[in-house]
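Asker: Can you keep this structure in mind? I'll have questions shortly.
The values are calculated or read from the model by the stated rules, or taken from the named source; none is laboratory data. Just so we're clear, the structure is a prediction, and the values are computed from it rather than from any experiment. Here the Cβ positions follow ideal geometry from the backbone for every residue, glycine too, while neighbour counts run over all protein chains shown. Areas reflect the complete protein model, heavy atoms only, side chains present, ligands, DNA and RNA absent. Shrake-Rupley method; radii C 1.70, N 1.55, O 1.52, S 1.80 Å.
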Amino acid sequence: MKLKVKDISKNYNRYSALRGVNLELEPGLYGLLGPNGAGKSTLLKIIAGQLSHDGGEIIKPKGVTIGYMAQDTGLES
């Protein structure tokens, strides 16, 4: 049972945040590394269903739940 991300794209006006992203993930724990502004949070929000995408598809196995915890929770100390 794999989570599949096929040819995902996300645009903001004329800026392409993601283009042609493909992933296949088996159940497990993963880390996503990259420079600031590379689209990591955007991709994770799309996979979690918190953000729409402009192209491609997400294929999620039945019974799989995906969560996303934002880096900035908005809480103050």
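Asker: Where the accessible area of the chain is counted over protein heavy atoms with a 1.4 Å probe, how much of it, in %, is carbon and sulfur? Walk me through the intermediate numbers first.
Answerer: Numbers: 3090 of 6100 Å².
Carbon and sulfur together cover 51 percent of it.
Asker: To continue, here is another question. For the chain, with only Lys/Arg (+1) and Asp/Glu (-1) charged at the beta-carbon, what is the dipole magnitude about the Cα centre, in debye rounded to 20?
Answerer: Numbers: 10 positive and 7 negative charges, 48 e Å.
With only Lys, Arg, Asp and Glu charged at Cβ, the dipole is about 240 debye.
Asker: Filter the trypsin sites (Lys or Arg not before Pro) in the range 16-74 down to the DSSP loop ones having no more than 16 other Cβ atoms within 10 Å, then list what survives.
Answerer: Details: sites: R19, K40, K45, K62; in loops: K62.
In loop regions of the range 16-74 (DSSP not H, G, I, E or B), the sparsely surrounded trypsin sites (Lys or Arg not before Pro) are K62.
Asker: For the chain, compute Rg over Rh where Rg is the Cα radius of gyration and Rh is the Kirkwood radius from the inverse mean 1/r over Cα pairs. Walk me through the intermediate numbers first.
Answerer: Working: Rg = 13.3 Å, Rh = 13.6 Å.
My calculation of the ratio gives 0.98.
Asker: Pairs of alpha-carbon atoms within less than 8 angstrom and 6+ residues apart define the contacts here; what relative contact order does the chain have, in percent? Mind dumping the intermediate values first?
Answerer: Values: 100 pairs, mean separation 28.3, N = 77.
Computed value for the chain: 37 percent relative contact order.
Asker: With the other protein chains left in place, how much accessible area per residue, in square angstrom, belongs to the chain at a 1.4 angstrom probe? Mind dumping the intermediate values first?
Answerer: On the way: 6100 Å² over 77 residues.
Each residue of the chain exposes 79 Å² on average to a 1.4 Å probe.
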